[in-house]
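J.: Got a structure here, written out as structure tokens. Questions coming.
Readers should treat all values here as calculations from the given coordinates under stated rules, not as data from a laboratory. It should be emphasised that the depicted structure is a prediction, and the values quoted were computed from it without experimental measurement. Cβ placement follows ideal geometry from the backbone for every residue including glycine, while neighbour counts extend to all protein chains displayed.
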Amino acid sequence: MSKPSPTNYASYFQKYIDQVTETDFFTALQNQSSGLESFLQFVTEEKSMFAYAEGKWTIKEMLLHMGDTERIFCYRALCFARGEKTNLPGFDENDYAANSNANSRTWESLIQEFLTVRKATEVLFKSFSENALAAVGTANNNEATVLSIGFILLGHFNHHKKILAERYLL
């Protein structure tokens with residue numbers, strides 16, 4: 001399945017879709033997933049508590065945010081694929097991070113949680129038919145297709161991976 005048209009998602013998400021270089025969703029998913037564990041294992045327990053500036057998330061909080069967001073987007077994809085007509089709510093990522101308890105957990109536990117979430121994402125998206133991937137729903141007053149949600153969640157990960165490399169792991 002190729003990249004969705006900008007008419008299939010809110011313009012705000014273009015920055016995430018632009019972060020995915022592959023044009024085929026399943027190729028992009030496989031490419032990103034194959035290097036996840038080794039990338040995350042690069043961060044030490046000590047380094048995982050680092051925040052590059054006052055008021056910014058620690059690496060632990062960022063990873064848990066990435067997992068929370070992936071879960072939320074997968075829920076949206078599932079709802080849309082199953083024909084949900086309700087406008088699903090948005091979420092405030094800063095409230096989620098503030099209530100995540102990420103910094104009291106081990107880095108390894110956060111890695112394992114994210115890898116589990118990603119495996120569930122892979123299984124979910126592989127279960128969708130072409131019709132399901134083309135299904136449209138509404139979240140936070142914005143329409144999107146299931147496929148566009150998939151590209152957004154991959155781009156969201158790439159976005160934060162880039163921030164991690166540029167601001168945290170200098």
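J.: With r defined as the distance between the Cβ atoms of Gln14 and Thr106 and R0 fixed at 41 Å, what FRET efficiency is calculated, to the nearest 0.05?
T.: Taking R0 as 41 Å, the efficiency between Gln14 and Thr106 is 0.70.
J.: Something else now. Give me the one-decimal Kirkwood hydrodynamic radius in Å for the chain, with the sum taken over alpha-carbon pairs.
T.: Details: mean 1/r = 0.0607 Å⁻¹.
It is 16.5 Å.
J.: Under 16 Å from a label point 7 Å along Cα→Cβ of Ile163: give me every residue in the range 100-136 with its amide N that close.
T.: Once the point is set 7 Å along Cα→Cβ of Ile163, 100, 102-103 turn out to lie under 16 Å by backbone N, inside the range 100-136.
J.: How far apart, in nm, are two points set 7 Å out from the Cα along the Cα-to-Cβ line at Ala53 and at Asn140?
T.: It is 2.1 nm.
J.: Among the listed pairs Lys15/Lys47; Lys119/Lys161; Lys85/Lys161, give every one whose C-alpha distance is greater than 30 Å.
T.: As for pairs spanning more than 30 Å Cα to Cα, those are Lys85/Lys161.
J.: Next up: Measure nothing but the geometry: give the 0 to 90° angle between the long axis through the Cα atoms of 107-127 and the longest principal axis through the Cα atoms of the chain, rounded to 10°.
T.: In the chain, helix 107-127 runs at an angle near 10 degrees to the longest axis.
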